[in-house]
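Values quoted throughout were computed directly from the atomic coordinates according to the rules given, and no laboratory measurement underlies them. Because the structure is predicted, anything quoted here is derived from the model rather than measured. Here the Cβ is made from the backbone with ideal geometry for all residues, glycine too, and neighbour counts use every protein chain on show.
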Amino acid sequence: MHPQNVSTLVAFALALSLSGCDGGRPPAPPPPTFDSGPAAGDGGVDGATDDDGGGGALAPGPRIRCISPEPGAMVTAAPGDTLVTHALVSDMASLVSVTANGAAVTPDDLGLLRIESTARFGINHVEIVAENTLGAISSEVCSVLASPSFRDETETLGAATTMALSPTAIDDGDATDGLDSINDIFVTALAGGLLQEQLDTRFSDPMVDIKTRGCDFSSGGTCLIETEVDYVDNRVIGPFTSTLTPIAEGLRFRGRGDGVELDVLLTGEERTTGPPRPLNSTGTISVAFVELEIDIRIFTNTAGELEAEVISVNDVLTGAVTADFPMVAEDPLPTGRTLREEVERGVSSHIDGPSGDDIRSGISNFLAGGISNLLDRLLSTISVRSLPDAFDSPGLDGSTIALSFSSRYDEVRPSTDGLTFVLGTGYAAGVLGSPPATLGVAIPDAPSGTTALTSDVGNLVSTNVVNLLLHQQWRAGGFQGIVAP
């Protein structure tokens, strides 16, 4: 994930377009030019005239040929390694001097040259210049693409792009200024029915009761009022608040919804004034608020998808509980309260008191799972792609190359400084005819970088992505053609 120098990118792209990097001969060069006179042969650039100094044909310079590696070849070499280039110079009898990259070199008796140079990532070249006794000069450039490794172009390029979110991008502390942080989306989801949905799912389960049948009021050891409460529906009036804080494992969520109301059905019987009488009433149980704090781990699965799971429920708070059952008779009782008041008091005490711990913790734990699922869905919608699944790229000859783009999450790196998403990237091109042979995409040995945040969201794209894209375009013939002046 280490960006290379821009000039390296330009040189790499240019070299790809000119040499093909396939281990074979590059496209034929244009005819060489001279100080004066017509074009010469394959020997390169000649600068001498004929013996009598007239304006006749120029004498050719020594012939130079790159032998090994073949021009445009791909070679495996790390920066700093020694590259050995072998070349052949003809016309030994009339040879005066030979230089390689400006340094004098001496061919053997057969005209063979052995030239050592220090490898760097990308295109490496050796320029050989030879002069004969007539003063004719010729030159040849032997070039190769050197890389410490080559990657199969059909594979996804790992750790190709990162996107980092600062704490402010996760929660800007203002839910009224638009959806410009993850927490803004959370607040919107809470207000849009998340709590209602989770509560409804929880209490619609036939194995879960608001209140099982039990005694609400007794006197002298005799139960006089016993009821059970079943769930019907719910509402969360709001307002809704939440905060998201980055932690080492992922995110800490603290959320609150005010005015939680459960529509319920009460059944039972009472014996306060004589024989047992049935109790039946619709009603409402109101909880002043529900608040919880949970820690959530953020990670990627083997399919390259983001996931979130609850690590711990740190805090659970519920506000005061009240009950309202308007269909219960308001007969006065010796306690000084009415039958309805005793029923409502008993149900509220059950939920608000120690016997209601299971209900309250059940609500909070279930909501924690719902929050985790919501975060799961929200993170999966974060767009880190800048390209569509398929797009066209023009070639040098005016043709169009169809390219496809894919990406996946390789890793997510949570910390107290925010979240960093690491992505893999893939490109594929429709190759026409017989594509050139290749070792793969040149990949430098460079450590993964860290996105430098200059704003709340920072992106870092590896030059490996550029190498992969250029490689696919070259394989598809996108660099074949003539660029007009």
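Structure data summary
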{"quantity": "Calculated from backbone phi, Karplus (6.51, -1.76, 1.60) coupling profile of segment 411-427 in Hz, x at Gly/Pro", "calculated": "6, 10, 10, x, 7, 5, 8, x, 10, 10, 9, 10, 10, x, 9, x, 10"}
{"quantity": "Inter-label distance for residue 312 and residue 93, nm, one decimal - labels placed 7 Å from Cα along Cα-to-Cβ", "calculated": "9.2 nm"}
{"quantity": "Spin-label pair residue 376/residue 82, simplified geometry with 7 Å Cα→Cβ offset, distance in nm", "calculated": "5.9 nm"}
{"quantity": "³J(HN,Hα) computed for each position of segment 111-122 - Karplus, 6.51 cos²θ - 1.76 cosθ + 1.60, integer Hz, glycine/proline x", "calculated": "x, 7, 10, 10, 10, 9, 9, 8, 6, 9, 5, x"}
{"quantity": "Simple label model, 7 Å out from Cα along Cβ direction - residue 133 to residue 437, nm", "calculated": "4.2 nm"}
{"quantity": "Rg/Rg_ref, segment 288-350, where Rg_ref = 2.2 N^0.38 Å and atoms are Cα", "calculated": "2.07"}
{"quantity": "17 Å reach of a label modelled at residue 212, 7 Å along Cα-to-Cβ, counting backbone N of segment 251-276", "calculated": "267-268"}
{"quantity": "Size of charge dipole - segment 159-217 - debye, nearest 20, with Cβ of Lys, Arg +1 and Asp, Glu -1, no other charges", "calculated": "380 debye"}
{"quantity": "Charge-dipole axis of segment 167-380 as Lys and Arg at +1 and Asp and Glu at -1 on Cβ define it, positive-most pick from 332, 368, 198", "calculated": "332"}
{"quantity": "Förster radius 25 Å - calculated FRET efficiency between residue 277 and residue 337 (Cβ-Cβ, nearest 0.05)", "calculated": "0.90"}
{"quantity": "Cβ-derived FRET efficiency at R0 41 Å, residue 258 paired with residue 223, nearest 0.05", "calculated": "0.70"}
{"quantity": "Interchain or long-range residues, amide H under 5 Å from residue 311's placed H", "calculated": "295, 296, 297"}
